[in-house]
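What follows is a set of notes on a single structure, which appears directly below.
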């Protein structure tokens, strides 16, 4: 079991979930976050921190968002670690209640945490 970031995160990217995570399981894309299922310890503390309710246990992901299980698995291997909260995207307020945002998904990586970039350079 692991947790999965789903559709509501796209174009919002609130990061309160990152700051409460006891391990480094969040990865940052250009316009959303994902969770690395191999790093997630299934504690669930991130779920309540998400203001748009984008995080679900993999066994409870709504049917309409099942593809996000695979998206989290795939992009968690490609995107950098994010360890600290950041400001949400400028589009967060206007997109926080928008549904069906899959067409807005950007596969490009985000910047990640500064210290994770330094770790990779060593």
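Only the coordinates and a few stated rules stand behind these numbers; no lab work does. Nothing here was measured: the structure is a model prediction, and the numbers come from that model. Using ideal geometry, Cβ is built from the backbone for each residue, glycine included, and neighbour counts are taken over all protein chains shown.
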_Pairs, first over 10 Å from residue 7 (Cα atoms) in the range 60-75, second in a helix (DSSP H, G or I), C-beta under 7 Å, six or more apart_ = 61/68; 61/69; 69/58
*Residue check, residue 112 on the phi > 0 side of the Ramachandran plot and in contact with a strand residue (DSSP E or B) (Cβ under 6 Å, 6 or more places away or on another chain)*: yes
_Can you pull out every residue in the range 76-103 that is in a loop (DSSP other than H, G, I, E, B), without any contact (Cβ under 8 Å) to a residue 60 or more places away in the chain and closer than 13 Å to residue 31 by Cβ?_
79, 90
*Subset of the range 31-49 (residues that are assigned to a loop (DSSP other than H, G, I, E, B) and within 16 Å of residue 68 (Cβ to Cβ))*: 31, 32, 36, 37, 40
*asked:* Tell me the residue from 17, 40, 25 that is more than 21 Å from residue 98 (Cβ to Cβ), within 10 Å of the chain's Cα centre (by Cα) and free of Cβ contacts under 8 Å to residues at least 60 places away in the same chain, please.
replied: 25
*Meets criteria (over 15 Å from residue 12 (Cα atoms) and surrounded by 13 or more Cβ atoms within 10 Å (Cβ to Cβ)) for residue 86*: no
